[in-house]
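The values are calculated or read from the model by the stated rules, or taken from the named source; none is laboratory data. Because the structure is predicted, anything quoted here is derived from the model rather than measured. For neighbour counting, all protein chains shown are included, and Cβ atoms are generated from backbone atoms with ideal geometry for every residue, glycine included.
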Amino acid sequence: MGANHGPDPHDHHHGTAPRIGIGGPVGSGKTALTAALCRALGEQLSLAVVTNDIYTTEDADFLRRAGVLDPARIEAVQTGCCPHTAIRDDITANLDAVERLEHKFPALDLVIIESGGDNLTAVFSRGLVDKQIFVVDVAGGDKVPRKGGPGVTTADLLVINKVDLAPLVGADMDVMISDAHRMRGELPVIAQSLVETPDAPEVAKWVLAQL
Amino acid sequence: MLTALILADSRFPGGGHVHSGGLEEAAARRLVTDEPSLESFLHGRLLTTGLLAAGFAAAAARGEDLELLDLELDARTPSPAQREASRAQGRGMLRAARRAWPSARLASLPASPHQPLVIGVVVGDPYEAALTCAYLAVSGPASAAVRLLGLDPFGVNAIVAALPVEEVASRACKELPALGSPALDLLAEAHVRREGVRLFGS
Ligand SMILES: Nc1nc2c(ncn2[C@@H]2O[C@H](COP(=O)(O)OP(=O)(O)OP(=O)(O)O)[C@@H](O)[C@H]2O)c(=O)[nH]1
Ligand SMILES: [Mg+2]
């Protein structure tokens with residue numbers, strides 16, 4: 001950027017923390033995964049979280065109550081009824097929240113941004129995050145990976161969550177996982193249950209590898 | 001002219017989509033429920049906050065002292081929530097503008113300026129700046145009404161198209177107004193104190 005107008009707010013490779021977005025449909029387990037990552041990584045990394053609740057500050061409040069992270073490290077933004085707009089088309093409110101956190105905690109290692117629950121086409125802008133995780137769950141039906149959409153096909157990591165529920169909802173895990181690989185080519189897929197492994201060890205390992 | 005069109009476009013990535021200009025609070029209190037009540041809300045907003053903001057956009061475009069204008073607009077905005085909403089939108093617009101239209105005058109603005117100042121500096125022409133600002137004062141709440149109340153988008157668009165936006169912009173070019181809008185101030189203050197469901201930043 002030119003010398004006369006200050007640092008470029010999108011240019012987060014200069015002393016600002018890497019950002020990982022967590023997106024996916026309503027109720028798939030985005031907040032639960034965020035909490036799991038805070039538990040798994042909060043000791044070794046300086047973390048902060050931005051939530052994009054659709055209605056309230058419910059997700060931020062859940063994370064604060066869960067005690068997985070200092071409440072001052074959690075910011076909630078309003079999305080004006082359009083959660084996908086706030087993470088993709090107009091990322092201003094999220095950038096403001098990230099900047100507030102970076103100002104409060106200058107040595108952050110990672111900022112996690114949870115999107116509001118949205119549809120299969122909702123992905124994060126590259127202006128907002130460096131990497132993104134898309135979370136779907138088995139209860140949405142084993143058709144979801146093969147339906148595709150930018151979330152499933154292009155996210156840096158696809159998480160198929162709640163595998164513990166597969167027998168109860170009649171989801172065929174083999175189909176889900178093989179469809180996911182077929183849709184995504186080389187991009188990774190992790191199937192997990194946060195009931196069985198509450199600290200999301202495989203996802204935490206992937207996150208560490210991105211830093 | 002193109003710059004004004006870009007700033008007024010709802011696709012402009014300046015953070016405007018999370019602000020309802022008091023409409024969310026008005027809808028929650030059932031003060032706005034349908035097209036006639038929306039029309040009256042927008043009319044009132046245009047002739048108070050809209051005219052005031054447009055006057056400052058025009059003054060900034062004329063090249064008046066930005067620091068002084070910023071303070072003057074603070075003095076004319078009694079509600080802290082309204083001041084913060086204007087500065088949040090100014091900050092968002094400035095972030096986008098620095099990339100698209102960098103200039104020394106833009107760089108001289110404070111980090112979180114009032115939005116009308118950014119509009120004035122970026123657009124440059126006083127009438128076009130006032131028009132952009134006056135239009136944005138009503139287009140945001142109108143779009144929020146479509147999203148919150150499920151109003152017919154064609155009906156809402158027709159209401160916006162019939163508002164005296166150009167007349168307000170012309171008036172705004174003549175002098176710096178000092179209008180109050182106590183109802184909007186109260187709605188803005190009630191909105192930031194609202195517990196529970198709140199979809200918009202203002
Ligand atoms: N059985 C089971 N339940 C889970 C799992 N992960 C999350 N849940 C539950 O699923 C529900 C929704 O999880 P959240 O983490 O709130 O989902 P979300 O994607 O953040 O939801 P929104 O933000 O509302 O879109 C909660 O009741 C969780 O406890 C899992 O692996 N197995
Ligand atoms: Mg959530």
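Looking only at the range A:45-75, which residues are small (G, A, S) and either more than 16 Å from the chain's Cα centre (by Cα) or more than 18 Å from A:L110 (Cβ to Cβ) (or both)?
Matches in the range A:45-75: A:S46, A:A66, A:G67, A:A72.
If you go through the range A:20-53, how many residues are within 14 Å of ligand 2 (Cβ to nearest atom), part of a loop (DSSP other than H, G, I, E, B) and over 21 Å from A:D130 (Cβ atoms)?
Adding up the residues that qualify gives 6.
For the range B:18-47: of the residues being farther than 20 Å from B:A161 by Cβ and in a helix (DSSP H, G or I), which is farthest from the other protein chains (Cβ to nearest Cβ)?
Among them, the one singled out is B:A26.
Tally up the residues in the range A:1-44 that are at pLDDT below 70 and either under 18 Å from the mean Cα position of the chain (by Cα) or within 14 Å of chain B (Cβ to nearest Cβ) (or both), please. Explain how you work it out, then say what you get.
Our first condition is that a residue be at pLDDT below 70; within the range A:1-44, this holds for A:1-15.
From the residues that got through so far, the ones that are either under 18 Å from the mean Cα position of the chain (by Cα) or within 14 Å of chain B (Cβ to nearest Cβ) (or both) too are A:1-12.
Result for the range A:1-44: 12.
Identify the residue in the range A:86-117 that is without any contact (Cβ under 8 Å) to a residue 24 or more places away in the chain and either within 16 Å of ligand 2 (Cβ to nearest atom) or not in a helix (DSSP H, G or I) (or both) and, among all such residues, is nearest to the other protein chains (Cβ to nearest Cβ).
Result: A:D90.
For the list (1) under 15 Å from the mean Cα position of the chain (by Cα); (2) away from chain A (no Cβ under 11 Å), I need the number of the one condition that B:P126 fails.
So the condition that B:P126 fails would be (1).
I need the full set of residues from the range A:54-85 which are aliphatic (A, V, I, L, M) and assigned to a helix (DSSP H, G or I), in order please.
Matches in the range A:54-85: A:A60, A:L63, A:A66, A:A72.
Could you tell me whether A:E58 is closer than 25 Å to B:L23 by Cα and among the charged types (D, E, K, R)?
yes
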